[in-house]
Amino acid sequence: MKTIILAGGFGTRLSEYTDLIPKPMVEIGGLPLVTHVMSCYAKYGYKDFILALGYRADYVKSYFANISMRYADFKVNIASGAIETFGETAFDWDVSLVDTGLKSMTGGRLKRLKELVGGATFMVTY
């Protein structure tokens, strides 16, 4: 079952942090807030995530695109640029990152994810 995390708001109540980074990426205990939420779901076997992004989507995408370099050992093929991880990894999740628009509301964000979810049952959280 897919778990959708609505992570596109401006985070105005945390403005001292969110002027530079999006709210899901504010660190708590050395990890971004969004990874703590994902860990709660993963604990119960839900490891297929879709992040509905908006504000600073590029920042969140960059974090997850480079997560292997932060938490796992890896090998780089210099000629092709291919990266292969090995050994233990910190997370065994599938994460889809979708820019659902800067000013989209909840319904609009979910509608943009319709094709990724299909007709399956899914969960949604903030």
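The values are calculated or read from the model by the stated rules, or taken from the named source; none is laboratory data. Values in this document were obtained by computation on a predicted structure and should not be read as measured data. Cβ coordinates were reconstructed from backbone atoms using ideal geometry, including for glycine residues, and neighbour counts include every protein chain displayed. Remember, those area values only see protein heavy atoms, side chains included, never the ligands or the DNA or RNA. Shrake-Rupley method; radii C 1.70, N 1.55, O 1.52, S 1.80 Å.
Checked against (1) touching a helix residue (DSSP H, G or I) at 6+ places or on another chain (Cβ under 6 Å); (2) modelled with pLDDT of 95 or more, V124 passes all but a single condition, namely (1). When R109 is tested against (1) open to solvent by 100 Å² or more (accessible area, probe 1.4 Å); (2) assigned to a helix (DSSP H, G or I), exactly one condition is not met: (1). Against the list (1) out of contact with any Lys or Arg (no Cβ under 7 Å at 6 or more places or on another chain); (2) of a type outside the set (F, W, Y); (3) farther than 22 Å from T121 by Cα, the condition L110 fails is (3).
Residues that are among the aliphatic types (A, V, I, L, M) and touching a residue at least 24 places away in the same chain (Cβ under 8 Å) within segment 24-44 comprise M25, V34, V37, M38, A42, listed in sequence order. Out of all the residues in segment 62-82, is one or more under 16 Å from L113 (Cβ atoms) and touching a residue at least 12 places away in the same chain (Cβ under 8 Å)? Checking segment 62-82: not a single residue is under 16 Å from L113 (Cβ atoms) and touching a residue at least 12 places away in the same chain (Cβ under 8 Å).
Restricting attention to segment 82-106 and to residues that are aromatic (F, W, Y) and open to solvent by less than 90 Å² (accessible area, probe 1.4 Å), the residue that is farthest from I5 (Cα to Cα) turns out to be F91. Here the strands (runs of 3 or more DSSP E) wholly within segment 1-81 that include at least 2 residues being buried (at least 16 other Cβ atoms within 10 Å of the Cβ) and at negative phi are 2-7, 48-53.
I'd like to know if segment 74-94 contains one or more residues that are of a type outside the set (D, E), modelled with pLDDT of 90 or more and in contact with a helix residue (DSSP H, G or I) (Cβ under 9 Å, 6 or more places away or on another chain). Taking every residue of segment 74-94 in turn, at least one turns out to be of a type outside the set (D, E), modelled with pLDDT of 90 or more and in contact with a helix residue (DSSP H, G or I) (Cβ under 9 Å, 6 or more places away or on another chain).
Determine whether segment 44-52 contains at least one residue that is within 19 Å of T125 (Cα to Cα) and touching an Asp or Glu at 6+ places or on another chain (Cβ under 6 Å). Steps first, please.
Within segment 44-52, the first condition is being within 19 Å of T125 (Cα to Cα), and the residues that meet it are 44-52.
If we keep only those that are touching an Asp or Glu at 6+ places or on another chain (Cβ under 6 Å) as well, we get 48.
Within segment 44-52, one or more residues are within 19 Å of T125 (Cα to Cα) and touching an Asp or Glu at 6+ places or on another chain (Cβ under 6 Å).
I'd like to know if segment 71-87 contains one or more residues that are within 19 Å of E27 (Cβ to Cβ) and of a type outside the set (A, V, I, L, M, F, W, C). Scanning segment 71-87 turns up at least one residue that is within 19 Å of E27 (Cβ to Cβ) and of a type outside the set (A, V, I, L, M, F, W, C).
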